[in-house]
Amino acid sequence: MGAAVDYACKWGLDAIERRICFLAETLRRRLEDEVKGTTVTDYGERKCGIVTFTIDGVETDEIKAALAKEKINVSFSQASSTPFDMRKRKLSSVVRASVHYYNSEDEITLLIQGLKRLR
């Protein structure tokens, strides 16, 4: 844990936030532009590094399992974990991809490629 704290301190909190926002926005844009049938489900004035999305005709657990085979980690949230929000937006589940400041754009490309193989 000490090494992680040292690494974060070298970056600085402002730089970490900028990096996370850049990577998350890059992922959101690429999901919508490059993966057919994808809907990014994030909303709000200020977004974070958690990117949520659905893909038409593909269940969220299928997406998670397929990506896990490629050693890409995502999770999914079901309506039972956020019933008011999901019900309001007519969602049953969403995939959650979390970017971190130490991730690369190449890793985003691997995620996008993995999702394209599902289509």
Subject >> Cα principal axis extents for segment 42-90, largest first, Å >> reply: 32, 22, 19
Subject >> Structure-based [θ]222 nm, the chain - -39500 (n - 2.57) summed over DSSP H runs of at least 4, per residue, nearest 500 >> reply: -16000 deg cm²/dmol
**OP:** Give the long-range amide H neighbours of residue 58: residues separated by 5 or more places, or on another chain, with amide H under 5 Å away, using H modelled in the peptide plane at 1.01 Å from N.
**Re:** none
Original post:
Once all Cα-Cα distances of the chain are split into 10 Å bins that start at 0, what whole-number percent is in each one?
Top reply: 13, 42, 32, 12, 1
**OP:** Calculate one ³J(HN,Hα) per residue across segment 88-93 by plugging θ = phi - 60° into the Karplus curve 6.51 cos²θ - 1.76 cosθ + 1.60, and present them in order as whole Hz with x for glycine and proline.
**Re:** 4, 9, 6, 10, 9, 6
Original post:
Along the positive direction of the dipole of the chain (beta-carbon charges: Lys, Arg +1; Asp, Glu -1; about the Cα centre), which of 13, 76, 104 reaches farthest?
Top reply: 76
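Which GluC sites (Glu not before Pro) from segment 37-90 combine a DSSP loop assignment with at most 16 other Cβ atoms within 10 Å? Spell out each step's value before the answer.
Working: sites: 45, 59, 62, 70; in loops: 45, 59, 70.
Hits after loop and neighbour filter: 45, 59, 70.
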Subject >> Where chymotrypsin sites (Phe, Trp or Tyr not before Pro) fall in DSSP loop in segment 26-90, at most 16 other Cβ within 10 Å >> reply: 43
Subject >> Whole-number percent relative contact order across the chain, with pairs defined as alpha carbons under 8 Å at least 6 apart >> reply: 29 percent
**OP:** Kindly report the accessible area of segment 65-118 per residue (heavy atoms of protein chains, probe 1.4 Å, no ligands, DNA or RNA), in Å².
**Re:** 66 Å²
Original post:
If you place +1 on the Cβ of every Lys and Arg and -1 on the Cβ of every Asp and Glu, how big does the dipole about the Cα centre of segment 73-119 come out, in debye to the nearest 20?
Top reply: 440 debye
**OP:** Whenever you get a sec, compute what percent of the accessible area on the chain sits on carbon and sulfur atoms (1.4 Å probe).
**Re:** 52 percent
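The values are calculated or read from the model by the stated rules, or taken from the named source; none is laboratory data. None of the values given here were measured: they were computed from a predicted structure. Counting neighbours? That spans all protein chains shown, and the Cβs are built from the backbone with ideal geometry, glycine included. For accessibility, only protein heavy atoms count, side chains too; no ligands or nucleic acids. Shrake-Rupley method; radii C 1.70, N 1.55, O 1.52, S 1.80 Å.
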